[in-house]
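The values are calculated or read from the model by the stated rules, or taken from the named source; none is laboratory data. Since the model is a prediction, treat every value here as computed from it, not as a measurement. Using ideal geometry, Cβ is built from the backbone for each residue, glycine included, and neighbour counts are taken over all protein chains shown. What goes into the accessible areas is simple: the full protein's heavy atoms, side chains included, and nothing from ligands, DNA or RNA. Shrake-Rupley method; radii C 1.70, N 1.55, O 1.52, S 1.80 Å.
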Amino acid sequence: MNDMIVEVNDLSKRFGKHEVLKHVSFSCKGGSIVGLLGPNGSGKTTLIKILTGLITAYEGKVAIVGQPIGPKTKATVSYLPDEPYFADWMRAKDALAVFHDMYQDFDYQRCLEIMNRFKISEKMRIKTMSKGTKEKFQLALVMSRHAKLIVLDEPIGGVDPAAREVILDTILNNYQADQTILIATHLIADIERIFDTVLFIKEGEIILDENVEDLRSRTNRSVDELFREAFKY
């Protein structure tokens with residue numbers, strides 16, 4: 001449970017002359033939910049793409065469960081991007097079949113249970129789903145894998161406040177003790193209750209990496225308040 005799932009050491013990434021990530025180092029233990037928090041342009045998306053293997057050229061060392069980023073780590077990472085990624089012609093059951101075929105760790109029955117909680121039928125067409133329903137459906141798929149690292153990019157961005165609580169409870173109730181969940185979001189006040197640790201990233205640098213209980217005890221303030229102060233919101 002305390003084994004390191006993510007290890008990032010002295011990670012830097014440039015696009016041309018622009019340095020997007022600057023000597024980033026952090027680690028994430030199994031059994032933890034980590035908030036990756038920063039404004040647009042801070043480097044969150046680039047970091048996520050490196051962890052998920054979508055960006056392969058960088059400086060420094062990055063490992064998932066002790067393995068350098070590559071084909072082996074892709075099989076241990078479950079990723080929810082911030083944009084829908086299924087074709088409109090598909091029904092939910094078609095997407096389920098894709099995940100079942102692609103991922104040996106996909107738990108079909110668990111996905112059906114989460115979908116039922118979200119009131120999503122296997123027969124629903126992707127094109128008839130609202131943006132919020134699509135996000136909930138894709139979350140059900142991603143959370144139904146027994147992956148070591150689950151990366152969620154803005155998992156509550158497209159849903160109403162009432163649905164956010166259902167989504168957060170789904171995340172809490174469906175992750176396992178040997179998994180790490182990394183959540184990138186800007187809706188901090190709505191989601192901070194589930195974080196164990198937070199990372200603040202600013203202009204490509206980690207400026208805060210701390211356990212949430214310790215942080216609140218030390219400052220007597222919420223994560224949202226500290227974020228707004230750090231980034232002048």
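When only Cα pairs under 8 Å and 6 or more residues apart are kept, what is the percent relative contact order across region 1-62? Walk me through the numbers before you get to the answer.
On the way: 92 pairs, mean separation 25.7, N = 62.
Taking the mean separation of contacting Cα pairs over the length of region 1-62, I get 41 percent.
Can you grab the distance from the C-alpha centre of region 184-233 to the C-alpha centre of region 55-120, Å, no decimals?
Using only Cα atoms, the two centres lie 27 Å from each other.
For region 25-83, report the translational diffusion coefficient in µm²/s to the nearest whole number, using Stokes-Einstein at 10 °C, 1.306 mPa s, and a Kirkwood Rh over Cα pairs. Walk me through the numbers on the way to the answer.
On the way: Rh = 12.7 Å.
My calculation gives 126 µm²/s for D.
Shape verdict for region 69-111, please, from the Cα gyration tensor: rounded (a/c under 1.5), prolate (a/b greater than b/c) or oblate.
Working: a/c = 2.21, a/b = 1.37, b/c = 1.60.
Oblate is the answer for region 69-111, as a/c is 1.5 or above yet b/c matches or exceeds a/b.
Suppose each label sits 7 Å from its Cα in the direction of the beta carbon; what would the Lys29-Phe231 distance come out to in nanometres?
2.7 nm
Tell me what the chain gives for mean residue ellipticity at 222 nm when only DSSP H runs of n ≥ 4 count, each as -39,500 (n - 2.57), the sum divided by the residue total, rounded to 500 deg cm²/dmol. Write down the numbers at each step before the final one.
Numbers: 9 runs with 81 residues, N = 233.
Computed mean residue ellipticity for the chain: -10000 deg cm²/dmol.
Could you work out how far helix 92-102 tilts from the main Cα principal axis of the chain, as a 0 to 90 degree angle to the nearest 10?
For helix 92-102, the angle is close to 60 degrees.
Exceeding 27 Å between C-alpha atoms, which entries from my cross-link table qualify? They are Lys131/Lys202; Lys74/Lys134; Lys44/Lys136. Numbers along the way, then the final one.
Details: Lys131/Lys202 29 Å; Lys74/Lys134 23 Å; Lys44/Lys136 22 Å.
With Cα atoms farther than 27 Å apart: Lys131/Lys202.
Return one number: the angle in degrees, 0 to 90 and rounded to the nearest 10, between the long axis of the Cα atoms of helix 108-117 and the longest principal axis of the Cα atoms of the chain.
Helix 108-117 sits at roughly 90 degrees to that axis.
At 1.4 Å probe size, with the rest of the protein present, what percent of the exposed accessible area of the chain is carbon and sulfur atoms? Don't skip to the answer; put the middle values down first.
Values: 5420 of 11510 Å².
Carbon plus sulfur share of accessible area: 47 percent.
Keeping all protein chains in place, calculate the accessible area per residue for region 113-233 (probe 1.4 angstrom), answer in Å².
Values: 5520 Å² over 121 residues.
Solvent-accessible surface per residue comes out at 46 Å².
Output the relative contact order of the chain, whole-number percent, from Cα pairs under 8 angstrom with separation of 6+ residues. Numbers along the way, then the final one.
Values: 428 pairs, mean separation 63.2, N = 233.
Reported relative contact order: 27 percent.
In a Gaussian network model over the chain where Cα atoms closer than 10 Å are linked, find which of Ile120, Ile33, Ile183 has the largest mean-square fluctuation.
Result for the chain, Cα springs under 10 Å: Ile120 fluctuates most.
As I understand it, the dipole of the chain uses +1 on the Cβ of Lys and Arg and -1 on the Cβ of Asp and Glu, about the Cα centre. Which of Asn211, Ala87, Ala184 lies farthest toward its positive end?
The one lying farthest along the dipole's positive direction is Ala87.
What is region 150-212's relative contact order, in percent, from Cα pairs under 8 angstrom and six or more apart in sequence? Could the numbers behind the result be given before it?
Numbers: 54 pairs, mean separation 20.4, N = 63.
Taking the mean separation of contacting Cα pairs over the length of region 150-212, I get 32 percent.
Could you run the Karplus curve 6.51 cos²θ - 1.76 cosθ + 1.60 with θ = phi - 60° over region 133-143 and give me ³J(HN,Hα) per residue in whole Hz, x for Gly and Pro?
Once θ is set to phi - 60°, the couplings for region 133-143 become 5, 4, 5, 5, 5, 5, 4, 4, 5, 5, 6 Hz.
Would you list, by chain and number, the aspartates and glutamates whose Cα falls below 19 Å from the Cα of Lys123, excluding same-chain residues fewer than 8 positions away?
Within the straight-line limit of under 19 Å, Lys123 reaches these aspartates and glutamates: Asp88, Asp94, Asp101, Asp107, Glu113, Glu135.
I'd like the Karplus ³J(HN,Hα) series for region 54-66: coefficients 6.51, -1.76, 1.60, θ = phi - 60°, whole numbers in Hz, and an x wherever there's a Gly or Pro.
Karplus values, whole Hz, x for Gly and Pro: 7, 10, 10, 9, 6, 10, x, 10, 9, 9, 10, 6, x.
Answer rounded, prolate or oblate for region 134-209, using the Cα gyration tensor with square roots of eigenvalues a ≥ b ≥ c: rounded when a/c is under 1.5, else prolate when a/b is larger than b/c, else oblate.
Working: a/c = 1.79, a/b = 1.25, b/c = 1.43.
Oblate.
What figure, in Å² to the nearest 10, do you get for the accessible area of Thr219 with a 1.4 Å probe and non-protein molecules left out?
40 Å²
By its C-alpha gyration tensor, with a ≥ b ≥ c as the square roots of the eigenvalues, how is region 1-113 shaped: rounded for a/c under 1.5, else prolate for a/b larger than b/c, else oblate?
On the way: a/c = 2.13, a/b = 1.54, b/c = 1.38.
Cα axes put region 1-113 in the prolate bin.
How about region 186-233: which GluC sites (Glu not before Pro) there lie in a loop by DSSP and see at most 14 other Cβ atoms within 10 Å? Numbers along the way, then the final one.
Numbers: sites: Glu192, Glu203, Glu205, Glu210, Glu213, Glu225, Glu229; in loops: Glu203.
When the GluC sites (Glu not before Pro) of region 186-233 are filtered for loop state and at most 14 Cβ neighbours within 10 Å, Glu203 remain.
Which residue, Ala147, Ala63, Ala87, has the most motion in a Gaussian network model of the chain that connects Cα atoms within less than 10 Å?
Greatest mean-square fluctuation among the candidates belongs to Ala87.
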